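Working notes, structure below.
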Amino acid sequence: MRLEDKFKQFEERNKLAEYGGGKERIERQHKAGRKTSRERIKDLLDPETFVEVDKFVTHRATDFGMEKNKILGDGVVAGYGKIDGRLVYVFAQDFTVFGGTLSRANADKIIKIMDLALKMGAPVIGLNDSGGARIQEGVESLAGYADIFYRNTIVSGVIPQISAVLGPCAGGAVYSPAITDFILMVKNTSYMFVTGPEVIKTVTHEEVTMEDLGGAMTHNSKSGVAHFIAEDDEIAMMMIRELLSFIPSNNMEDPPIKPCTDDINREDESLQTVVPDDPNKPYDMKEIITTVVDENNFFEVMPYFAQNIIIGFARMGGRPVGIVANQPAILAGVLDINSAIKGARFVRFCDAFNIPLVTFVDVPGFLPGTAQEFGGIIKHGAKLLYAFAEATVPKITIITRKAYGGAYDVMSSKHIGADVNFAYPTAEIAVMGPEGAVNIIFRDKLNEKDKKQAVEEYKRTFASPYKAAALGYIDEIIYPKQTRYKIIQALDMTQNKAQSLPPKKHGNIPL
Ligand code: HXC
């Protein structure tokens, strides 16, 4: 073969590989409102930075006539590139090739880039669009999945792992994302389920649509499996880029600092009146958060699930922080099973990746009721307590209003290792609210008038930050308008915090 023919052959193979499952299937993908794997990677990465590996890999299956049906790349596009100039590894399942299903050969492609990512200390981004295990490959495909799950687990907490679910993902295609740090889904075009509607109908006789069973909103609001929802594939890629801007490339690095153009001394008069006079009146904690962070930019995580707790990323003085906050506007900001789980996982992520925690507290306590008790609020609530206690990153806490009972202890209190604890003058720190306390202490011993008086006395004595401040549990009582500057000052003071836990294999968080 002449040299130019060799080059021509190379060019043709390249084209063929890039064509995936062919024109018709690509059109079907577009018609369904989804992009192809290559289009997604292009949207995700900085221009011209993608380096593809294993473009010519094919499967090695021979059953069911598969030996006659080989497509270059075998249903996964894999490689590395840059986001904001930082190295990332990416794999994108190609639904146009065997439904993006996992073969032994394409599992090896994913494994190769995961191993590289671990060695180089860079994030892995998985763009999932797959029917799960490739049925024709049987146990080889299951082995491929297990190899990926194993790596997902081993690299967890070492390099960030982000999953976008961008199509109908079934079976094994959902368990790898489930082990990763964040899952992003797209409205109306992405689905996740272990078994689909047909299987469910056969086994349990339930009739459920794909959307209700495993659509983006189901997993963002009901199951809490997913963390983000995007309008379309392109916006999903932009969201991943933004998410990564808050996160270091690995657990040995600090999160990336951005030059801060927002005045760090900024005082916000509006904050003075955010917390209402009436302690039973709700207000929106997000107002405080967005007011105090750089450029009012709060990147909320899981905005539709367990809305009584707020979690997300922001920058303060240019430094990324993880924010955890009770939301008095929803269920009075009470802690329940879902909010505890949501908060705990986020706290652990931030701690694993050196992201300081800023906690805003307005919590009346844990949610009472049989549903919560039978559901295991004891062990689930303990997750949040455990996560805050074991976190060794800088921890800064601001009590805006209520901090009652066990929830006071849980929400990054001084006692479980917070470094700086602030309270607004409106804070109420006690075992429980005044009415409840008086009812228990005096039970039926007081008439209505005396009860009222006792409540007033309790309010005077306990419903304030001063008892806690007198004991040194609160370091400083601050005006709400000073919040931004005070937090930035505390972050500055705790910048070089070095705390290590006693040597152990790992703790035993109540799962
Ligand atoms: C091989 C598969 C496949 C699979 C889909 N295809 N799933 N090929 N193995 N698991 C192929 C189809 O034959 C088709 O090929 C192409 O992918 C597109 O599939 P369609 O069905 O036409 O697409 P759509 O209507 O959009 O439906 C997508 C789907 C559905 C919802 C994913 O295909 C489906 O339910 N597939 C089965 C899902 C499943 O049960 N997977 C196994 C899970 S068990 P052509 O050639 O026509 O384009 C598992 C084990 C691991 O994953 C567990 C570890 C914990």
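Before moving on, here are some points about what is shown:
- 227, 415 arranged by Cβ crowding within 10 Å, fewest neighbours leading: 415, 227
- Our coupling estimate for the range 417-431, obtained by passing each phi through the Karplus curve with A = 6.51, B = -1.76, C = 1.60 and θ = phi - 60°, is x, 5, 8, 9, 10, 9, 9, 7, x, 7, 5, 10, 10, 6, 5 Hz, Gly and Pro reported as x.
- Separation of alpha-carbon centers, the range 328-375 and the range 434-511, rounded to whole Å: 16 Å
- Averaged over residues, the count of other Cβ atoms within 10 Å places the peptides 265-272, 337-344, 136-143 in the sequence 337-344, 136-143, 265-272, highest first.
- With only the Cα atoms considered, the range 265-320 has a convex hull volume of 85 Å³ per residue.
- Estimated 222 nm signal from helices in the chain, with DSSP H stretches of n ≥ 4 weighted -39500 (n - 2.57), rounded to 500: -11000 deg cm²/dmol
- Coarse-grained scattering of the chain at q = 0.09, 0.13 Å⁻¹, given as base-10 log I(q)/I(0) from a Debye sum over alpha-carbon atoms: -0.69, -1.22
- Our coupling estimate for the range 184-195, obtained by passing each phi through the Karplus curve with A = 6.51, B = -1.76, C = 1.60 and θ = phi - 60°, is 10, 10, 10, 4, 6, 10, 10, 9, 9, 7, 6, 10 Hz, Gly and Pro reported as x.
- Separation of the residue 499 and residue 263 label points, Cα + 7 Å toward Cβ, nm: 3.3 nm
- Applying a threshold of 30 Å to the alpha-carbon distances of 451/486; 281/342; 42/258 flags 451/486 as lying beyond it.
Only the coordinates and a few stated rules stand behind these numbers; no lab work does. All figures in this text were calculated on a predicted structure; none of them were measured in a lab. As a convention, Cβ positions derive from the backbone with ideal geometry for all residues, glycine included, and neighbour counts pool all protein chains shown.
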